[in-house]
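Chemist: One structure, pasted below without further comment.
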Number of protein chains: 4
Amino acid sequence: MCRWNAWYGQPLAIDELLYRTEHGLIDQSLHARQGVETTNGDGFGIGWYATGDRATPRRYRSVSPAWSDANLRDLAAHIESPLFLAHIRATTGTPVQQTNCHPFRHGRWLFVHNGAIAGFHEIRRELLVAVEPTLFEGITGSTDSEVLFYLALTFGLENDPLGAVERAVGFIEATAHARGIEHAVQMTLGFTDGERLWAVRYSTERRSRTLYISADRDTVQALHPDDPRFARLTDEDRVIVSEPLSDLPGVWLAVPEATALVVQPGADERLDFRPRAPAPETLMVGSP
Amino acid sequence: MCRWNAWYGQPLAIDELLYRTEHGLIDQSLHARQGVETTNGDGFGIGWYATGDRATPRRYRSVSPAWSDANLRDLAAHIESPLFLAHIRATTGTPVQQTNCHPFRHGRWLFVHNGAIAGFHEIRRELLVAVEPTLFEGITGSTDSEVLFYLALTFGLENDPLGAVERAVGFIEATAHARGIEHAVQMTLGFTDGERLWAVRYSTERRSRTLYISADRDTVQALHPDDPRFARLTDEDRVIVSEPLSDLPGVWLAVPEATALVVQPGADERLDFRPRAPAPETLMVGSP
Amino acid sequence: MCRWNAWYGQPLAIDELLYRTEHGLIDQSLHARQGVETTNGDGFGIGWYATGDRATPRRYRSVSPAWSDANLRDLAAHIESPLFLAHIRATTGTPVQQTNCHPFRHGRWLFVHNGAIAGFHEIRRELLVAVEPTLFEGITGSTDSEVLFYLALTFGLENDPLGAVERAVGFIEATAHARGIEHAVQMTLGFTDGERLWAVRYSTERRSRTLYISADRDTVQALHPDDPRFARLTDEDRVIVSEPLSDLPGVWLAVPEATALVVQPGADERLDFRPRAPAPETLMVGSP
Amino acid sequence: MCRWNAWYGQPLAIDELLYRTEHGLIDQSLHARQGVETTNGDGFGIGWYATGDRATPRRYRSVSPAWSDANLRDLAAHIESPLFLAHIRATTGTPVQQTNCHPFRHGRWLFVHNGAIAGFHEIRRELLVAVEPTLFEGITGSTDSEVLFYLALTFGLENDPLGAVERAVGFIEATAHARGIEHAVQMTLGFTDGERLWAVRYSTERRSRTLYISADRDTVQALHPDDPRFARLTDEDRVIVSEPLSDLPGVWLAVPEATALVVQPGADERLDFRPRAPAPETLMVGSP
């Protein structure tokens, strides 16, 4: 069922989150506590932006379980980034292969997903046909997650990120509903264009996978004044996680159901997340 | 650009062709002589039917180059089959992953391809949309070869194998032509339902990849009366190859351009291969 | 910490044990119940003998977790064997790579191990130096398990299998003890020469990993008279497992501590397992 | 037979050498011109030091052929380093696995090798036994190259790098000679401690694999005054390669037989390379 982390803030070595926390993503690949499965061994991926180049996302994906990838430790220690996503995979049916590992990437965008589209094999073709033709060739894998990403791109991710994802989810729910599939969408999402970071927690059934964001710097430092690591935090620093990286009280705030967060310079936003199917005339359905 | 072999006849250990010939497929993975590239190191696959079960194709595919796969030698020595296909891959652009290795499989069918669809990334979506919806979910990779196979299934491979492939190729040529893509299809194909084995050599440009079939048993034995291996051949035994496994004169007959071979119990057939686009009303174009 | 199975008896398709049991090895790769870890995702391997060739063990090993290996299902369904070992790996520190997957193979022999040598990194060199020079080049990996196998070969596995393993374990315990390492050996072992199958349960601490053997045919059929699968059993059929493949009462007999089983045509044997260090003059220590 | 590159100088993105040259290492993985084989598809590796941390070598190794590794392009573009080694592998007999890919690493050191030790399987045990016990546990693979590296560490690489390598090679030649193996050592080597970079070209037979170093900046700029890339060169910049990355005349200087180069701040050195077996009393032979 997957787990993921995102960092936004000062440049940070990726291994600070992955390896140097009590219960980081590497530990979660074998011992997830709040996921559907304890094991997330169907591959992993990291995507990041360099401090001086927020337009070009870089990526490293592998089918090795995260716990046994000999390269990841070196890479995570070497790569410092002000904005990165890390993801460990537990497949919901599609093959284990590098092109099916998250994050997915298109232009400036990186995208990770924890969850699934119910009945995906039945509606996969319909969903793919709705992807804008010029975007279609960017699809290299076979997961539901990647299709969700490309539907969001189709419905305007570049111009209206949250609206585009709401339309994509709405479209999937409508398509599934027409086939008698209930509870179509289960998701937490992390996506970014290198400037802002969005996180969404939502499921059709309103029983979503867990998602947390770190409390603001003042709160964290007040609660844990002796922690040297927290002493280095700034106002802008945020961590978003599928499940907490530590058991420290007060550090992790649960994201409510049907909620989107926007992490950006200055004040962040919290918004309702309301999927709705896009207007029919905007659909690509079937046209070559 | 790939190379492949097929065996049809008495039960034979797969390594007899792969490893125990002068210039077998393993050698061709590093030193192909008649392919576009000398190296075919982007994965390999074998597909076979057991003597007692001609309805259930088995398969082993790997992204390891054939020359370095430690398992293949063991498996090829152990697996005896009266009908098998073996393929080594040189990608024409799509990712190196197990789901992109040949043979492709659907129901009783196995399918291998040497060649490419020109401009595939431009027409991939159109071709996929034309695949029959109930067949669509069988597509797990991202190659042109797999799409060609699924178009053949769509256009009636079960009932009229050669006609279906002619329609699939014709459809691809028409689709490509409408986009200004010339010389759309380059191919040799090997496919089988466990009972008969088809081989086709064709290209839009009429400059096709090489393909050979072994001469009949009487000819081979007359030419090489002292060869103990040939002494074991029967009337039914045939080998089909991208390039000869040995330099023995008279053993390998080149398959002409635009030609299909049907290997079956009793007399085999040789037919012209004439692609033609299917009637428009039979097309799936766009319908969900 | 690994799990393994062995079959001895009538020819059986490998997938009967791996996939077609309630809690077979594939399920144990994600949900082991009696192992140190629930996950055994650091590779797997199968080794087998063909019915007509009990002198040549065949093998397939992969670093893919067993639960996601797309080839294994096909291969396990196709390969029928009267004697096979299957193993899923959870590394105790050495790299995840194909040469570190079990079973290990040398000549006629196959060998699997669940457990570890404590302090292995400290005594690895000493143990390797004690391996007979002409055997040494057979070592291709870096595990403690493989070294244990090669020490057994060194101390006479071909002529006195159980005695050789007792000497190997004794040597390891003595070497470790001299370095202050307690509880050096933890193991269940399965090994075979294609004719007989040995299983051993032992640990220096006398707190060994679990091991079970199937009850005899009459007992199993009397307990479960309506089970069609058990109806096919013969006197000779035995299954040896790290943990039971099902919850059926009476089918699985726990192997006691410090015990060796010998499965062979006719009556099987149960013997005490008593490690003792080999006579010093038989040691290779250091000689080039 | 392998190919490798090294960069020493101003911080440079790794992809500048690997991808953005006429005939870079990625091209050489399929089309080597001066190697034993044209294909070097048995894995690759890069090792580098960050600008601010010359004591901690980082590494990325993979069994994927370099030409098809989807991660390498991203990583090579992102990693900027003042000192790095890159290597593509063609195995001379040992398994294809990540632990057998170069560069090898120990403490501050990185090490790559093109060549082989003749008769390695016969003398492997002797060579391993001569490795200093406390160093022995660093050996994780099974190649001759890694053993050569660890013998160099054993014979004083930290204190007298070139002398240590001369002693290692001398020891190997003596050991091989005693077994009747002629022409034991074939090599070009690249190794570094993060501060200096050594390159050696040598073979027992005096018919060594090719090796080149870039001409000094003034020469290169005088020959090719309009090349914008060369305009950025400094006095300190050096590239060392198995075969030239381009056909530009005067840029690549062949390293003579039995020669070592030392690249360092200020003037570089060129020295004779003279292997000699170490004094017997310094040998570890056999001692536990």
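The values are calculated or read from the model by the stated rules, or taken from the named source; none is laboratory data. As the structure is a prediction and not an experimental result, all values here were calculated from the model. Ideal geometry is used to build each Cβ from the backbone, glycine not excepted, and the neighbour counts take in all protein chains shown. Side chains are part of the model used for accessible areas, which takes the heavy atoms of the whole protein and leaves out ligands, DNA and RNA. Shrake-Rupley method; radii C 1.70, N 1.55, O 1.52, S 1.80 Å.
Chemist: State all residues of region B:235-251 that are within 18 Å of residue B:14 (Cβ to Cβ), open to solvent by 30 Å² or more (accessible area, probe 1.4 Å) and over 18 Å from the mean Cα position of the chain (by Cα); if no residue qualifies, say none.
Modeler: Across region B:235-251, the qualifying residue is only B:236.
Chemist: Which one is farthest from the other protein chains (Cβ to nearest Cβ), of the residues in region D:111-124 that are out of contact with any Lys or Arg (no Cβ under 9 Å at 6 or more places or on another chain) and assigned to a strand (DSSP E or B)?
Modeler: D:113
Chemist: If I ask for residues that are open to solvent by 10 Å² or more (accessible area, probe 1.4 Å) and within 14 Å of another protein chain (Cβ to nearest Cβ), which ones from region B:145-155 would you list?
Modeler: Of everything in region B:145-155, just one residue is open to solvent by 10 Å² or more (accessible area, probe 1.4 Å) and within 14 Å of another protein chain (Cβ to nearest Cβ), namely B:154.
Chemist: Turning to a different aspect of this structure: Given (1) within 14 Å of chain A (Cβ to nearest Cβ); (2) of a type in the set (Val, Ile, Thr); (3) crowded, with 22+ Cβ neighbours inside 10 Å; (4) under 16 Å from the mean Cα position of the chain (by Cα), where does residue B:91 come up short, assuming only one miss?
Modeler: With (1) within 14 Å of chain A (Cβ to nearest Cβ); (2) of a type in the set (Val, Ile, Thr); (3) crowded, with 22+ Cβ neighbours inside 10 Å; (4) under 16 Å from the mean Cα position of the chain (by Cα) applied to residue B:91, the lone miss is (3).
Chemist: Are there any pairs with C-beta distances below 9 angstrom linking a residue in region A:260-288 that is on the phi > 0 side of the Ramachandran plot to a residue that is at pLDDT 80 or above and open to solvent by less than 90 Å² (accessible area, probe 1.4 Å), with the two at least 6 apart or on different chains, and if so which?
Modeler: From region A:260-288, the pairs are A:266/A:236; A:286/A:129; A:286/A:130; A:286/B:129.
Chemist: May I ask you to say which residue of B:166, B:80, B:132, B:146 is farther than 30 Å from residue B:265 by Cα and of a type in the set (Asp, Glu)?
Modeler: Going through B:166, B:80, B:132, B:146 in turn, just one is farther than 30 Å from residue B:265 by Cα and of a type in the set (Asp, Glu): B:132.
So that you can scan it fast, the table gives a plain yes or no per residue for (1) closer than 24 Å to residue B:138 by Cα; (2) of a type in the set (D, E, K, R); (3) open to solvent by less than 30 Å² (accessible area, probe 1.4 Å):
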site	(1), (2), (3)
A:54	no, yes, no
A:57	no, no, yes
A:78	no, no, no
A:83	no, no, yes
A:97	yes, no, yes
A:112	no, no, yes
A:117	yes, no, yes
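Chemist: With the requirement that a residue be open to solvent by 60 Å² or more (accessible area, probe 1.4 Å), hydrophobic (A, V, I, L, M, F, W, C) and within 22 Å of residue C:152 (Cα to Cα), what does region C:252-284 give you?
Modeler: C:271 - this is the single residue of region C:252-284 that is open to solvent by 60 Å² or more (accessible area, probe 1.4 Å), hydrophobic (A, V, I, L, M, F, W, C) and within 22 Å of residue C:152 (Cα to Cα).
Chemist: Tell me whether region D:160-183 contains one or more residues that are touching a Leu at 6+ places or on another chain (Cβ under 6 Å), of a type in the set (A, V, I, L, M, F, W, C) and within 30 Å of residue D:249 (Cβ to Cβ).
Modeler: No: region D:160-183 contains no residue that is touching a Leu at 6+ places or on another chain (Cβ under 6 Å), of a type in the set (A, V, I, L, M, F, W, C) and within 30 Å of residue D:249 (Cβ to Cβ).
Chemist: Yes or no: residue B:9 surrounded by fewer than 22 Cβ atoms within 10 Å (Cβ to Cβ), at pLDDT 90 or above and farther than 21 Å from residue C:75 by Cα?
Modeler: yes
Chemist: Right, residue D:100: among the polar types (S, T, N, Q) and either over 30 Å from residue C:64 (Cβ atoms) or more than 18 Å from the chain's Cα centre (by Cα) (or both) or not?
Modeler: Spelling it out, it is not the case that residue D:100 is among the polar types (S, T, N, Q) and either over 30 Å from residue C:64 (Cβ atoms) or more than 18 Å from the chain's Cα centre (by Cα) (or both).
Chemist: Which one is surrounded by the fewest Cβ atoms within 10 Å (Cβ to Cβ) among residues in region B:59-74 that are of a type in the set (D, E, K, R) and either within 12 Å of chain D (Cβ to nearest Cβ) or more than 18 Å from the chain's Cα centre (by Cα) (or both)?
Modeler: B:73
Chemist: In addition: Let me spell it out: the conditions are (1) within 14 Å of chain D (Cβ to nearest Cβ); (2) touching a helix residue (DSSP H, G or I) at 6+ places or on another chain (Cβ under 6 Å); (3) under 23 Å from residue B:79 (Cβ atoms), and residue C:101 meets all of them except one. Which number is the exception?
Modeler: (2)
Chemist: Say whether the condition of being under 17 Å from the mean Cα position of the chain (by Cα), part of a helix (DSSP H, G or I) and surrounded by 21 or more Cβ atoms within 10 Å (Cβ to Cβ) is met by at least one residue in region A:127-144.
Modeler: Yes.
Chemist: Okay, moving on. For region D:243-262, give me each residue that is at pLDDT below 95 and polar (S, T, N, Q).
Modeler: Correct list: D:246 only.
Chemist: What number of residues in region C:173-197 are without any contact (Cβ under 8 Å) to a residue 60 or more places away in the chain and either closer than 26 Å to residue C:47 by Cβ or among the aromatic types (Phe, Trp, Tyr) (or both)?
Modeler: Of the residues in region C:173-197, 0 are without any contact (Cβ under 8 Å) to a residue 60 or more places away in the chain and either closer than 26 Å to residue C:47 by Cβ or among the aromatic types (Phe, Trp, Tyr) (or both).
Chemist: So which residues in region B:28-52 are surrounded by fewer than 21 Cβ atoms within 10 Å (Cβ to Cβ) and within 14 Å of chain D (Cβ to nearest Cβ), if there are any at all?
Modeler: B:30, B:31, B:33, B:35, B:36, B:37, B:38
Yes/no per residue for (1) in a loop (DSSP other than H, G, I, E, B); (2) open to solvent by 10 Å² or more (accessible area, probe 1.4 Å); (3) modelled with pLDDT of 95 or more:
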position: C:157; (1), (2), (3): yes, no, yes
position: C:164; (1), (2), (3): no, no, yes
position: C:170; (1), (2), (3): no, no, yes
position: C:183; (1), (2), (3): yes, yes, yes
position: C:187; (1), (2), (3): no, no, yes
position: C:198; (1), (2), (3): no, no, yes
position: C:207; (1), (2), (3): yes, yes, yes
position: C:222; (1), (2), (3): no, yes, no
position: C:229; (1), (2), (3): no, yes, no
